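The values are calculated or read from the model by the stated rules, or taken from the named source; none is laboratory data. The shown structure was predicted, so the numbers you read here are calculated from the model rather than taken from an experiment. Every residue, glycine as well, gets a Cβ built from its backbone with ideal geometry; the counts of neighbours run over all protein chains shown. Ligands, DNA and RNA are stripped out before the accessible areas are found, and what is left, the full protein with its side chains, is counted by its heavy atoms. Shrake-Rupley method; radii C 1.70, N 1.55, O 1.52, S 1.80 Å.
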Amino acid sequence: QVQLVESGGGLVQAGGSLRLSCAASGSIFKFNNMGWYRQAPGKQRDAVARITSDGTTSYADSVKGRFTISRDNAKNTMYLQMNSLKPEDAAVYYCNRDPPNWRWGQGTQVTVSS
């Protein structure tokens, strides 16, 4: 079973930036399409960015142009660079396979103050 550990969240002012990291155990990471997901209180968990095993990316309209997903298969790590953060980006951010069928990690909290 792959273990996922998210990190890099925190409190930032609107307009600021954060870089999230997702460390995955095991050697199968590099063969899988991956995604970043977020869940705000009272809302469902939605995908915000996806990256295929060969690096093709796609984004939710709400983050397009502000967020950048990337991966380093040699390090079994995925990243989410978040710029121009808005209060509505506040959520717990998770990484998982795309589609998500690995066990969820604990996530990392992103708080954006206005």
Picking from Ser84, Ser114, the residue that is of a type in the set (Gly, Ala, Ser) and modelled with pLDDT under 95 would be Ser114
When the residues of the range 5-42 are filtered to those that are more than 22 Å from Ala90 (Cβ to Cβ) and outside any loop (DSSP other than H, G, I, E, B), which remaining residue is most open to solvent (accessible area, probe 1.4 Å)? Phe31
Among all residue pairs at least 6 apart or on different chains, which show Cβ distances below 8 Å where the first residue, located in the range 9-31, is within 11 Å of Tyr79 (Cα to Cα) and the second is in a strand (DSSP E or B) and open to solvent by 70 Å² or more (accessible area, probe 1.4 Å)? Cys22/Val5; Ala23/Val5
How many residues does the range 43-101 hold that are open to solvent by 50 Å² or more (accessible area, probe 1.4 Å), touching a strand residue (DSSP E or B) at 6+ places or on another chain (Cβ under 7 Å) and either among the β-branched types (Val, Ile, Thr) or without any contact (Cβ under 8 Å) to a residue 12 or more places away in the chain (or both)? 4
